[in-house]
Amino acid sequence: MVHTLRRTVTILGLAVWFLTATAVAAEGGRCAKCGMALAGHGHTRFELVLADGTRAVTCGVQCGLMLARSRGVQRAWATDFISGKRIDATRAWYVVGSAAVPDMAPGLIAFASREDAERFRQGFGGRVLDWEAARKASEGPMGAGLGHRSR
């Protein structure tokens, strides 16, 4: 059962990556926090309107949360890892510390529903967090509260 779930989630993740990578590659650009190329990170993309009204795009949730903390944020959107759709970051659910690390360790991954996050956690491990818990966990240098792990 777990093996089948992992295979299904992996296939879905690869499909989302394939479908979104082209669109992100066309935009080009780099993460507003770490400088990583955005191409190939459409499935983890995080967008913000910062406190000063500036729009920023990051390679993933972790960079987005660190940027929001350092510069303030008016609004934020994550990308649902399953569907690839843009979702309100404050209503998303996040998995951290799973075996899957799509952008950088510890791999904060956004989901539109708690059910999807829980299913993913069952297959890949980690912890499920809501927006506030994810924000608190990302505090400290490079998100020290997220529990980085060696790869």
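Quick grid of which residues meet (1) surrounded by 21 or more Cβ atoms within 10 Å (Cβ to Cβ); (2) among the hydrophobic types (A, V, I, L, M, F, W, C); (3) not in a helix (DSSP H, G or I):
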residue	(1), (2), (3)
57	yes, yes, yes
63	yes, yes, no
78	yes, yes, yes
90	no, no, no
118	no, no, no
122	no, no, no
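Being of a type in the set (Asp, Glu) and either modelled with pLDDT under 85 or out of contact with any helix residue (DSSP H, G or I) (no Cβ under 9 Å at 6 or more places or on another chain) (or both) is the filter here; which residues of the stretch 26-64 pass it? Before you say what the answer is, go through the steps one by one.
Going residue by residue through the stretch 26-64, those that are of a type in the set (Asp, Glu) are 27, 47, 52.
The one that is of a type in the set (Asp, Glu) and either modelled with pLDDT under 85 or out of contact with any helix residue (DSSP H, G or I) (no Cβ under 9 Å at 6 or more places or on another chain) (or both): 27.
Inside the stretch 124-151, can you point out the residues that are under 14 Å from residue 69 (Cα atoms), at pLDDT below 90 and surrounded by fewer than 17 Cβ atoms within 10 Å (Cβ to Cβ)?
136, 139, 140, 141, 142, 144, 145
Name the residues in the stretch 32-55 that are surrounded by fewer than 19 Cβ atoms within 10 Å (Cβ to Cβ) and of a type in the set (A, V, I, L, M), would you?
36, 37, 39, 49, 50, 51 - these are the residues of the stretch 32-55 that are surrounded by fewer than 19 Cβ atoms within 10 Å (Cβ to Cβ) and of a type in the set (A, V, I, L, M).
Among the residues of the stretch 92-116, count how many are in contact with a helix residue (DSSP H, G or I) (Cβ under 6 Å, 6 or more places away or on another chain) and either in a loop (DSSP other than H, G, I, E, B) or in contact (Cβ under 8 Å) with a residue 60 or more places away in the chain (or both).
Selection size over the stretch 92-116: 6.
The values are calculated or read from the model by the stated rules, or taken from the named source; none is laboratory data. Keep in mind the model is a prediction, meaning the values are calculated, not measured. Don't worry about glycine lacking a Cβ; one is built from the backbone with ideal geometry, like all the others, and counts go over all protein chains shown.
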